[in-house]
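S.K.: Please read through the structure below; I'll follow up with questions.
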Amino acid sequence: MIPYTHPSPSLTLVGAGVGDPELITLKGIKALQAADVVLYDALTHPDLLNYAQKAQKVYVGKRVGNYEYTQEEINELIVAYALEYGHVVRLKGGDPFVFGRGFEEMVHAEAFGIKVEIVPGVTSAIAAPALQRIPVTTRGLSESFWVLTGTTRTGELSNDLRLAAQSTATVVILMGTKKLPQIVEIYQNLGKGELPIALIQNASLVDEKVAIGTIDTIVEIADNKEIGAPAVIVIGEVVNAQILQEVKVNRHVQKRSV
Ligand SMILES: C[S@@+](CC[C@H](N)C(=O)[O-])C[C@H]1O[C@@H](n2cnc3c(N)ncnc32)[C@H](O)[C@@H]1O
């Protein structure tokens, strides 16, 4: 039985950023420095734990096929550690509120009277493409973007993808690598086989891998490059934004030189 003695239990949900440890926020670092306990995930960079000098560090990562803790157990741990030791930092990959279950953890902790603070993070949904010079929106190519999960609660591809694929929006899919053939089929059924698509695995890290192609070619390209999880899938004309920009610049230079 845990003695619940701490006078001011608190939880800070900190977004660790996309992977590179320098992509955490200053506020996130300060929270780690002040933490009594850090509960961290598989997708958070181990170097970040060096900021938490005085904290107990507890790994609660879940990876497909290698379950460490259920979400319910993590919720309970957050409460137990906060009530016993004081300030818990829950360090989560990317942003805690983008497919991060941070909201559930916040609600659970607040139900026990624990004060909660949110420190947003650099989400892989935007940063993974950005680091490949793929803007999720850009003037003339994309006016909006959708961020979807490839793996819903029931393990299915989100039904929203069928709607998103009909639009001209940039579509960003997390947790979707294994469903690539199904994703491709949805676009092919809409006659969008030529649409550019990119897969970015381990974005911002030394072992980053990228596959770029069209809807019709990507499955083979991704297979050849052995792209696996964790990866972000980006679909839309923005994937070619850089090439289109280079063509424009070259045309401009040619015009000026005649
Ligand atoms: C449970 S979701 C968490 C998303 C996270 N909260 C965020 O905002 O980035 C995990 C998924 O995020 C994506 N992801 C996270 N970090 C990544 C990285 N460094 N490179 C590529 N994809 C990443 C992958 O799609 C992965 O399956």
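None of the figures in this text is laboratory data; all of them are computed from the coordinates on show. Note that the coordinates shown come from a computational prediction; the quantities given were computed from them, not determined experimentally. Virtual Cβ from ideal backbone geometry, glycine too; neighbours counted across all protein chains shown.
S.K.: Identify, from the list E110, E104, E185, the residue that is surrounded by fewer than 16 Cβ atoms within 10 Å (Cβ to Cβ), out of contact with any Gly (no Cβ under 9 Å at 6 or more places or on another chain) and farther than 27 Å from T70 by Cα.
M.R.: Working: E110 fails: farther than 27 Å from T70 by Cα; E104 fails: farther than 27 Å from T70 by Cα.
Step by step, each of E110, E104, E185 is checked, and only E185 is surrounded by fewer than 16 Cβ atoms within 10 Å (Cβ to Cβ), out of contact with any Gly (no Cβ under 9 Å at 6 or more places or on another chain) and farther than 27 Å from T70 by Cα.
S.K.: Residue by residue through region 134-147, note down the ones that are within 17 Å of the chain's Cα centre (by Cα) and part of a loop (DSSP other than H, G, I, E, B). It would help to see each step written out before you state the result.
M.R.: In the first step, residues of region 134-147 are kept if they are within 17 Å of the chain's Cα centre (by Cα); the result is 134-136, 145-147.
Within region 134-147, I134, P135, V136 qualify.
S.K.: For the subset of region 219-234 comprising residues that are in a helix (DSSP H, G or I) and surrounded by fewer than 22 Cβ atoms within 10 Å (Cβ to Cβ), which member is farthest from the ligand (Cβ to nearest atom)?
M.R.: Looking only at region 219-234, we keep the residues that are in a helix (DSSP H, G or I), and these are 219-224.
Filter once more, so that each one left must be surrounded by fewer than 22 Cβ atoms within 10 Å (Cβ to Cβ): 219-221, 223-224.
On the way: V219: 17, E220: 21, I221: 17, D223: 18, N224: 19 Å.
Taking the candidates together, the pick is E220.
S.K.: Restricting attention to region 119-146, which residues are more than 10 Å from the ligand (Cβ to nearest atom) and more than 18 Å from I173 (Cβ to Cβ)?
M.R.: V119, R133, T138, R139, G140, L141, E143, listed by residue number.
S.K.: May I ask you to list the residues in region 147-162 that are more than 14 Å from the ligand (Cβ to nearest atom) and either among the aromatic types (F, W, Y) or exposed (fewer than 12 other Cβ atoms within 10 Å of the Cβ) (or both)?
M.R.: Scanning region 147-162 gives T154, N159.
S.K.: I'd like the full set of residues that are in a helix (DSSP H, G or I) and among the charged types (D, E, K, R), limited to region 175-210. Spell out how you get there, then give the answer.
M.R.: Residues of region 175-210 in a helix (DSSP H, G or I): 177-189.
Result: K178, K179, E185.
S.K.: Provide a single number: the residues in region 13-30 that are farther than 22 Å from L205 by Cα and touching a Leu at 6+ places or on another chain (Cβ under 9 Å).
M.R.: So the count comes out to 1.
S.K.: Report, by residue number, each residue of region 148-174 that is of a type in the set (K, R) and either in a loop (DSSP other than H, G, I, E, B) or touching a Phe, Trp or Tyr at 6+ places or on another chain (Cβ under 8 Å) (or both). Break it down stepwise before answering.
M.R.: We begin by selecting, within region 148-174, every residue of a type in the set (K, R); these are 153, 162.
The answer is R153, and nothing else.
S.K.: Another question, then. From (1) surrounded by fewer than 16 Cβ atoms within 10 Å (Cβ to Cβ); (2) of a type outside the set (D, E); (3) in a strand (DSSP E or B), pick out the condition that doesn't hold for G213.
M.R.: Single failed check for G213: (1).
S.K.: What about A109, is it closer than 27 Å to L205 by Cα and part of a helix (DSSP H, G or I)?
M.R.: On the way: closer than 27 Å to L205 by Cα: no; part of a helix (DSSP H, G or I): yes.
For A109, the condition - closer than 27 Å to L205 by Cα and part of a helix (DSSP H, G or I) - is not met.
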